[in-house]
Amino acid sequence: MKTSRRAVLGAFAAVATVPAAPAYSNVFGFLKGAGDIRSIKMYSGRTGESINTVYWIEGKYIREAVKEINYFMRDWRTDETIDYDLRNVDIMAAAHQLMDTNEPFLLLSGYRSSRTNAMLRRRSRNVAKNSYHIRGMAADLRLKSRSTSQMAKAAIACNSGGVGTYGRSNFVHMDCGPIRTWRG
């Protein structure tokens, strides 16, 4: 029996918390429906750059696409890059696929240097001292065509990391750390 994206999102609409399960248990199942190809589509309002790339084919990450993702996800304030954690790219790609939209994610924040994170912590109490952004394991994302609630439900359905909903600021945090949810 094949489950539709809408059915999955509907099932999670009434669920406030998600039971713990082994990390990444659902991400690969959702992406498998796309065949042996995984892609990500995003743009950055900070840099004006866009990315629309296939980064995985038949069980292998594509080296050039991964380099492109690493650069795109960089700390735009310092221009520092890191080997961005591809597990989080998989989570973002799976959540995007579940929402059945062609609109690219708007990337607000990907990798952050320790220096950038410290500066942001001085400005906001919502910035974690040991943020997954510093490790290249997190992204703050927005979609015009979907609410933060819809985005969070799609990410939670992946059952594969942290999902923070920031309704007042209109973005969702997705990371590949432990499974957990929160509201900022």
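Relative contact order (percent) for region 49-184, with alpha-carbon contacts under 8 angstrom and 6 or more residues of separation? Before the final figure, lay out each step's value.
Working: 231 pairs, mean separation 28.8, N = 136.
With pairs under 8 Å counted, the relative contact order is 21 percent.
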Exercise for the section: Using R₀ = 22 Å, calculate the FRET efficiency as 1/(1 + (r/R₀)^6) where r is the Cβ-Cβ separation of S149 and R180; round to 0.05. Expected result: 0.80
Handout entry: Model label zone, T47; criterion: amide N under 12 Å from point 7 Å along Cα-to-beta-carbon; scope region 86-111
Key = 107-111
Fill in the blank from the handout: Counting sequence-distant residues (5 or more places) and residues on other chains, those with an amide H built under 5 Å from that of R180 are G161, G162, V163
Fill in the blank from the handout: Given 121-130, 163-172, the highest-first ranking by average Cβ count within 10 Å works out to 163-172, 121-130
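Using per-residue counts of other Cβ atoms within 10 Å, averaged over each peptide, order 109-116, 152-159, 54-61 from highest down. Write out the running numbers ahead of the final one.
Working: 109-116: 21.2, 152-159: 26.1, 54-61: 13.1.
Highest-to-lowest ranking by the protection proxy: 152-159, 109-116, 54-61.
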Fill in the blank from the handout: Karplus-derived 3J(HN,Hα) from phi for region 131-144 (6.51 cos²θ - 1.76 cosθ + 1.60, θ = phi - 60°), whole Hz, x at Gly and Pro, runs 4, 5, 4, 5, 8, x, 10, 8, 8, 9, 10, 9, 9, 6
Problem - Built amide H within the under 5 Å cut-off of I134, gap 5+ - result: R112
Problem - Alpha-carbon centroids, region 63-130 and region 152-175: separation in whole Å - result: 13
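Here, each number is a calculation from the coordinates, and none is a lab measurement. Everything quoted here is computed from the prediction, not taken from an experiment. Glycine also receives a Cβ, built like all others from the backbone with ideal geometry; neighbour counts cover every protein chain displayed.
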